[in-house]
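Just below is one structure, and these are the notes that go with it.
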Amino acid sequence: MKAARWYGAKDIRVEDLDEPEPGQGEVKVKVAWAGICGSDLHEYLAGPIFVPVDAEHPLSHDKAPVVMGHEYCGEVVSLGEGVEGVSVGDRVAIEPIYACGKCAACLDGKYNLCEKLGFMGLSGGIAGFSSFSIVPERMAHKMPDSLSVEQGALVEPAAVALHAVRQSSIQAGDKAAVFGTGPIGLLVVEALRIAGASEIYVVEPSEARRQKALDLGAKEGFDPDSVDPAAEIVARTGGGVDVAFEVTGVPAVLPQAIDSTKYAGQTLVVSIWETEASFHPNTVVIRERDIKGTIAYRNVYPAVMALMEQGHFAADRLVTKRIALKDIVSEGFETLVSDKSQIKILVESP
């Protein structure tokens, strides 16, 4: 079969691999569509970040080169011994978290905070940028019949956004700001609308992405290259938003997000970072602001798919390009680097 594997920064190769078969408790999935995530782009440009290179990941037992792709869905084509929760022919969205099930966080039900946390497609495994994927049964979530397979490829990023909003202190009627309107930022905008935010402001240098945020329900967008976004947001809201979401991973943006919040406001950091960021602690201390981080999701896939059935997180509003696996570098990763009007690029499995 064909698969795209990460060897190093700027080194992703589409190769021929032996077609895998499921072991005990595993499910074999014929991949339909897989999305290129911002985390994938970080690995392409500056990795390794999550990819294990010098030693195997403790849960996947893999190291580079690894098959990439963690936002994906497909059809179950065979089952390993003992699998009972899904059947051959089921369409499934994959929840790609590796968790040990034994550490304090896992035992507390917060498996996304596992001490050995990993992700299928980043930490190892036979993942989504391939013809076939093998996953533990617990990763395969049966999709409602009403959802398309394209829609299934958006369950994972939508789960990131919904979990972020759930982890924030946002209340119905509150005001919010979203710094960065790539795919996750746009999904955060939509999740904030679902949660009842009264006003949503976005900060994004790409005019096309700012417009998409407005189309999805944001009140106003600001170009950080032209204005001081924190000052503009404070002026528009009479003192700042209740919650700011940082979704860029750009060091200069973190203090802007903090400064855009009101007294006792919250900044929720959603990004995965390549470098350190800094801010003056007094901006937090004197205003009694909170800063909180969030990673991935937990126990949220069913809710995401239920919201999708109601028309939220729709693929036709977010997918801007569809490509073949063989073109994943030139038409996928390189396009995302050079063309900031792109939002979500989906890769079709051969």
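Structural remarks
- GLY85 meets each of the listed conditions (1) in contact with a helix residue (DSSP H, G or I) (Cβ under 6 Å, 6 or more places away or on another chain); (2) under 17 Å from SER130 (Cα atoms); (3) open to solvent by 10 Å² or more (accessible area, probe 1.4 Å) apart from (2).
- Among the residues of region 318-336, those identified as in contact with a helix residue (DSSP H, G or I) (Cβ under 7 Å, 6 or more places away or on another chain) and in a helix (DSSP H, G or I) are LEU318, PHE333, LEU336.
- Of all residues making up region 44-82, the number that are more than 20 Å from SER130 (Cβ to Cβ) and of a type in the set (Ser, Thr, Tyr): 0
- Complete set of residues in region 107-127 that are among the small types (Gly, Ala, Ser) and either over 19 Å from the mean Cα position of the chain (by Cα) or more than 15 Å from SER60 (Cα to Cα) (or both): GLY109
- Those strands (runs of 3 or more DSSP E) of region 170-275 in which at least 2 residues are of a type in the set (Gly, Ala, Ser), considering only elements entirely within it, cover 175-179, 261-269.
- Qualifying positions in region 315-339 - closer than 17 Å to GLY185 by Cα and surrounded by 15 or more Cβ atoms within 10 Å (Cβ to Cβ): ALA315, ARG317, LEU318, VAL319, THR320, LEU336
- Residue match in region 95-108 (condition: hydroxyl-bearing (Ser, Thr, Tyr) and assigned to a strand (DSSP E or B)): yes
- Of the residues screened, VAL270 is not one that is farther than 30 Å from HIS141 by Cβ and surrounded by 13 or more Cβ atoms within 10 Å (Cβ to Cβ).
- From ILE258, ILE343, ILE286, residue being farther than 19 Å from ARG210 by Cβ, open to solvent by less than 40 Å² (accessible area, probe 1.4 Å) and not charged (D, E, K, R): ILE258
- Unique match (being open to solvent by 40 Å² or more (accessible area, probe 1.4 Å) and among the hydrophobic types (A, V, I, L, M, F, W, C)) among VAL155, VAL202, VAL149: VAL149
- Filtered residues of region 16-54 (kept if open to solvent by 40 Å² or more (accessible area, probe 1.4 Å) and in contact with a Leu (Cβ under 6 Å, 6 or more places away or on another chain)): PHE50
- THR275 meets all of the listed conditions (1) modelled with pLDDT under 95; (2) under 23 Å from ILE343 (Cβ atoms) but one, namely (2).
The values are calculated or read from the model by the stated rules, or taken from the named source; none is laboratory data. Please read these numbers as outputs of a predicted model, since none were measured by experiment. Because the Cβ atoms are built from the backbone with ideal geometry, glycine has one as well, and the counts that use them run over all protein chains shown. These accessible areas exclude ligands, DNA and RNA; they are computed on the full protein's heavy atoms, side chains included. Shrake-Rupley method; radii C 1.70, N 1.55, O 1.52, S 1.80 Å.
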